[in-house]
1. Report, for the stretch 443-562, the % of DSSP beta bridges that are antiparallel, rounded to 5.
2. Using Stokes-Einstein with the Kirkwood hydrodynamic radius over Cα pairs, what translational diffusion coefficient do you get for the stretch 577-640 at 10 °C and a viscosity of 1.306 mPa s, in µm²/s rounded to a whole number?
3. Could you state the orientation-averaged shadow area of the convex hull built on the Cα atoms of the stretch 437-508, in nm² to one decimal?
4. Could you check the simple spin-label distance between Gln547 and Glu442, using points 7 Å along Cα→Cβ, in nm with one decimal?
5. Under Stokes-Einstein, with the Kirkwood radius over Cα pairs standing in for Rh, what whole-number D in µm²/s applies to the stretch 1-140 at 20 °C and 1.002 mPa s?
6. If one computes P(r) from the Cα atoms of the stretch 98-293, what percent of pairs lie at distances over 28 Å?
7. By counting other Cβ atoms within 10 Å of each Cβ, how are Trp253, Trp92, Trp613 ranked from fewest to most?
8. Can you list residues whose amide H is under 5 Å from Val44's amide H, if they're 5+ apart or on another chain and H is modeled 1.01 Å from N?
Amino acid sequence: MPVDSRDPVIGRLIDRRYEVGERIARGGMASVYEGVDLRLDRKVAVKVMHPHLSDDPDFRERFIQEARAAARLAHPNVVNTYDQGEEDDLAWLVMELVPSITLRDLLAERGRITPEQSLDVLEAVLAGLAAAHRAGIVHRDLKPENILLAHDGRIKIGDFGLARAATANTATGKALLGTIAYLSPELVTRGVADTRSDIYAVGIMLFEMLTGTQPFTGDEPMQIAFQHANDDVPLPSSTTPGIPEALDSLVHWSTQRDPNLRPADAGEMLAELHAIRERGIDAPTSVLPPVPEDERSTTVIDRPKPRRRPLVAEPEVVDDTGDGVATAALARRVTVRRRRGLLWLGVVLLGALLAAGIGWWFNAGPGGDATVPSVAGETEDRARAMLAAEGIEVAGVVTEPSYETPVGHALRTDPDAGAVIGNGDPVQLVVSSGRRQLPLPELEGLALDEARAAIEEAEFAVAEGDPDEVFHSSRPAGTVIAAFTADGTPLAELDTLEERSSIALRVSLGPVPAEAGQVADAARAALEAARLEVDFSAQEHSSEVEQGRLISLSYPTDRYLRPGDRVTGVVSLGPVMVEVPDVVGQPIEDAMQAMRDAGLEPELQTNIPEPLWGFPGSNIREQGVEPGTSVEEGTTVVLDATF
């Protein structure tokens, strides 16, 4: 592949494996190129850090961090990362190539999309983001430019270049990173981010999908940042009438300025989205109370009103005439009131003690109930602590395989979450043992449809796209030659594989449909019908191969031959024809040399001894082929020099 002088990366062979093609995208940190993995013969995306940044160790570390973060994710809604490395002046990573447009492209074309379409996009984004959050990763740069809408209908999150571990306070470093229009208030004011910061960006994207505009705009980035830090995001229906109240509430919940008032992570927001779909998009949300029509421009959270204290009666006034009677009467009244107060105080204290005892008995005591909390997704220790906080004892722990939940995290309780049990009643905690390792099916030699059925029956997934088709001399067309994991490892080298893993197939196209000795035109037609590129421009004379037939057929032998590869052949021109010279009357030696010079093989018949060949009379009397006759080069011509 020729190197493009305008971009020295184009045409390079990276790691002796990845051939870099044309550039398909350029960002602030890196450029993305279409490439080919020569080892696995598949198209990939090659992301290369800009040369002026690769000398900065901080940028290099952030770039390597992206590969490590993304490689920890294996989810249908996240762009897969295959490989990463550094070579000379390049820092690069190899990713899944997803033919697509971005959500930004779609919004630029349509302005906004329908609530139903917005929920479809949101569901895919939250599913992929939930996998990242479960793996302890915060994306930190979610925006429509990083949401890929594949041509085959898939929706994927890309560009984990700003991703970091999802600790409680993940700092951004020296400067704010990410696009200012989607930065959460805590990133703007304190420079820290966690899973809830991603949720804020998701809420801004949902607002933009529903309305076609961003909630905060300005001429300068700091103006927009100021609005994020100090203003509430308006409800979508305040700018675009007709937005369902459930989506208003979802935007409001996810864009609260206080992170503690947002969903804790993408999994929690995804669960509410599923609940909205089950109830219907026009039904009120269960996360926030319905929004009154006269308050839809302000908030949907009901704040409790403070209690008003009962008014205290003004002190009684007694006129004192100076004789002490009034003063004594007032003193008596005060004394009576004090006695009554002490009596009522005793009654109140006795009632309080009785109420406390009854309350203890029917709440924390033996007569009370406890509601089992949801511990799904929590670590075992955290789940035990949550149950203990409700006064619930864990009687035992059992394990169960799970594809979605990491090892050691809780799946559920028995009884389930929400069940009401008596105080002191134990529950059983069910903990994930992780994904299953399953035995591999035998696929070689099966027909393609049979192999796909066997993969799905064994609880694996068939790799997307067409199988790898190659010509094979011993396998019938349509049968499986070999199978591979997503990273190219042959299944023949493995005993087990993680459930639902993708398996790619290599399928035979049968033998090459041409061979040496065939009529060249017929061979060309058969090869072109098999989608091979044909070059029969070479021609040679041959005394063994008839004119118009193939002398030889050539193609790569160090790898499988695939459709699109070049096949070359040499076409026979037939034998070389020469004209027989006239040598009658010439001396024997001269006549034989003349035949050889003409490309013929002389055969001498004479009774003259060789020492006498030069004497008069030792000339050729007859020749076996008439002079001037056209014969095949190398033909034997009998020469007669007999007395």
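1. Within the stretch 443-562, antiparallel bridges account for around 65 percent of the total.
2. Here the translational diffusion coefficient equals 137 µm²/s.
3. Mean shadow area of the hull around the Cα atoms is 4.3 nm².
4. 5.6
5. Answer, rounded: 129 µm²/s.
6. Numbers: 3631 of 19110 pairs.
Result: 19 percent of Cα pairs exceed 28 Å.
7. Placing the least packed residue first, the sequence is Trp613, Trp253, Trp92.
8. Gly35, Val36, Asp37
Where a number appears in this text, it was derived from the coordinates with a stated rule and is not lab data. Keep in mind the model is a prediction, meaning the values are calculated, not measured. Heads up, the Cβs are rebuilt from the backbone with ideal geometry, glycines too, and the neighbour counts pull from every protein chain shown.
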